[in-house]
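Structure first, commentary second.
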Amino acid sequence: MSDSFLSEIELYYSDTTEDLKTLVLSQEESHHLTKVMRHNAGDEIYVTDGKGNIYRTVIIDISKREVKTEIKQIYSYPNKFKNITFCLPRLKNAERFEAALEKSIELGITNFIVFESKRTVARGEKLSRWNKIALAAMKQSLRSWKPVIRYAENLHEISFNGKVIIFEQKGNGTLTEYLNNNYDSNKNYFFIFGPEGGLEYSEIEAFGNASLLKLTGNRLRSETAVIAAAALLATLIR
């Protein structure tokens with residue numbers, strides 16, 4: 001985010017706008033705004049719609065169920081990772097999985113598919129909780145694009161309309177080399193991370209045209225690999 005003054009703000013979220021002049025905050029956001037942060041009518045706050053815009057607004061009405069603000073200025077930002085999807089495995093340790101999701105969002109990743117593989121221990125989706133974590137991470141890191149999280153019971157029910165990259169310790173090259181030599185912002189990329197114990201050979205073999213890459217010379221935990229890849233993307237893609 002190029003506007004340095006925004007680094008000092010607290011960011012709120014609203015998906016409700018009235019004729020492009022006002023924003024309405026949900027009951028949960030309004031409670032935090034008024035009861036925790038102690039804001040009152042007339043205060044200036046910043047709100048994102050999760051679609052690339054951050055609004056400088058002034059509170060004009062506070063009720064028990066919502067807060068209404070008047071838009072004073074709009075700042076719009078591109079989503080430089082809109083063509084990249086992180087495919088994350090369910091991990092046995094929920095805290096580690098949630099940390100990987102949270103940190104990759106803070107680093108700018110906005111598209112996720114959570115999947116189960118043959119070696120996955122934890123099963124089932126928790127989309128409500130994951131979306132709550134994603135929204136909090138977006139606001140905390142002052143991002144203006146709300147992350148999109150999907151769930152798949154296995155990799156092969158996913159439609160991969162782009163280049164598939166699988167992270168494997170025996171990969172032929174590194175992510176850094178690949179991005180420097182092959183990355184095209186007009187193409188879609190799917191980054192697949194294995195669970196504890198990695199993906200089975202049959203799962204990897206099913207992607208005949210996938211690129212097998214490694215992140216470092218050392219073996220990384222799944223959650224570490226996710227964060228490391230997000231950090232590399234944030235550094236190398238401008």
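Summary of packing: across the peptides 38-48, 184-194, the per-residue average of other C-beta atoms within 10 Å ranks them, highest first, as 184-194, 38-48. Averaged over its residues, the chain has an accessible area of 53 Å² per residue, based on protein heavy atoms and a 1.4 Å probe. Here the extension length gained between D43 and S185 equals 47.1 nm, from 0.36 nm per residue of separation less the Cα-Cα distance. Per the Kirkwood formula applied to alpha carbons, the chain shows a radius of gyration over Rh ratio, Rg over Rh, of 1.03.
Mind checking region 166-210 for GluC sites (Glu not before Pro) that DSSP puts in a loop (not H, G, I, E or B) and that have at most 14 other Cβ atoms within 10 Å? Write down the numbers at each step before the final one.
Values: sites: E168, E177, E196, E200, E203, E205; in loops: E168, E196, E200.
Loop-located and lightly packed - E200.
Can you tell which of N154, S7, S144 lies farthest toward the positive end of the dipole of the chain, using +1 and -1 charges on the Cβ of basic and acidic side chains (Lys, Arg; Asp, Glu)? Farthest along the dipole direction, towards plus: N154. Rounded to the nearest 10 degrees, the angle from helix 127-140 to the longest Cα principal axis of the chain is 60 degrees. In a reduced charge model with +1 at each Lys and Arg Cβ and -1 at each Asp and Glu Cβ, the chain shows a dipole moment near 320 debye about its Cα centre. Alpha carbon centre of region 207-238 versus region 41-59: separation in Å? Taking the Cα centre of each part, region 207-238 and region 41-59 sit 35 Å apart.
The values are calculated or read from the model by the stated rules, or taken from the named source; none is laboratory data. What you are looking at is a predicted structure, and each value in this text was computed from that prediction instead of being measured. We place every Cβ from the backbone using ideal geometry, glycine too, and count neighbours over all the protein chains shown. Quick note on the areas: whole protein, heavy atoms, side chains included, nothing else; ligands and nucleic acids left out. Shrake-Rupley method; radii C 1.70, N 1.55, O 1.52, S 1.80 Å.
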